[in-house]
Amino acid sequence: MASRLAILALGGTFLFAAQTLRAADPTYAVSMQALPGASDAGIGMDYIIFDPATHSVWVPAGNTGAVDVVDPATGKVRQITGFPTAEMGSGDRKRVVGPSSVTIGDGVIYIGNRGDSTVCAVNPKTLARGTCHKVDSMPDGLAYVAGTKEVWVTTPRDKSIRILDAATLNEKTKLTFEGNPEGFAVDAKRGRFYTNMEDKDLTLAIDLATHKTVATWKSTCGADGPHGLRVDEKAGHLFIACSTRTEVMDVAHDGAVLSSIDTGDGADDLDYAAATHTVYVGAAKAGLLTVARVDAKGILSIVAKVAVHTGARNPAVTSDGTVYLAHSGLGKLSDLVVATLKK
């Protein structure tokens, strides 16, 4: 059923007031989760995550200088405020950056902030901020490695990955590369960290103990390169988000690309639900959420194509299959986009 999107024009600024959109696939209803503190430019978001331990969606809310913690059951939002922000770029590309990445540790949430190049520990229950560490290059993605009790930080501006001690956040080592690290996935079964060289269309496997690159595989993403990563450790399948499609790579063997699906343009990160073998990809330019299932041979098949807002990307999937999508800024929205399975 088509539903209405009410837009209020206030002094030339458009505010999205209604909360439900038309979905191309009848199995999903699409709505909006309001977040506080938006400017006229909306809220800039990048990585978000669902924490099953507290059943909360964690949203580093960039230009607001806050991290928003959403309760999916009630829609209530708690905030951690006071993260530094900074202005970047010039002219039409000028923007304010702040907290932008998040990973779940052992009873700790880690937040990466582009505003001051720090990584900070946060108590997921009290939301109290603990130790922070300043990195000498802007952090992009974060990944917690349980086996070594480390936080790996991709820092593509100087073609490196920083490895921090999870307890103290002191920097243990710096890994350097000949390309820009983009994306992250931890494979505890094989003792590997996966990342991409976005500018070279390559995917790397790095040994967690020795920090040596043990495999280099060619993805087929093309000039834009590979972006986000997720791994199914049991199956040995690595899911790679290209700008317009998603691939499955066989990392248990020779790194062959087993299958791919088109997702529409503007994909960056993706999410994967291992329990249901389901992949979720948001394409910001296409305004499309693709839901696909993967079989034991690594073959993807599309389950749903859901029309969402232009700009919606980088999904986080809850334990009941609800999909939260961050917003890239294309539509200047201040809300999360939510796709909920219809009962």
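All of the numbers you see were taken from the coordinates with simple rules; none came from a lab. Because the structure is predicted, anything quoted here is derived from the model rather than measured. Note that we place each Cβ from the backbone using ideal geometry, even for glycine, and neighbour counts take in every protein chain shown.
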With r as the distance between the Cβ atoms of Ile299 and Thr27 and R0 = 22 Å, compute the FRET efficiency 1/(1 + (r/R0)^6) and round to 0.05.
0.55
Work from the charge dipole of the chain (Cβ charges, +1 for Lys and Arg, -1 for Asp and Glu, about the Cα centre) and give the residue of Asn123, Val186, Val70 farthest towards its positive end.
Val70
For the stretch 194-263, count the residues as N, evaluate 2.2 N^0.38 Å, and divide the Cα radius of gyration by that value, please.
1.03
Enumerate the lysines that Lys342 could reach by cross-link, defined here as Cα to Cα under 27 Å, with residues fewer than 8 away along the same chain left out.
Lys76, Lys285, Lys305
Which value in Å is the Kirkwood Rh of the stretch 228-267 over different Cα pairs?
10.2 Å
Dipole magnitude of the stretch 44-176 about its Cα centre, charges +1 at Lys/Arg Cβ and -1 at Asp/Glu Cβ only, in debye to the nearest 20?
120 debye
Would you mind calculating the gained length between Lys189 and Lys174 on full extension (0.36 nm times residue separation, minus the Cα-Cα distance), in nm to one decimal?
3.1 nm
Per residue, how much space in cubic angstrom lies within the convex hull of the C-alpha atoms of the stretch 94-162?
83 Å³
With N set to the number of residues, divide the alpha-carbon radius of gyration of the chain by 2.2 N^0.38 Å and report two decimals.
0.94
How much length is gained if the chain between Thr210 and Lys285 is pulled fully straight, taking 0.36 nm per residue apart and subtracting their Cα-Cα distance, in nm to one decimal?
23.1 nm
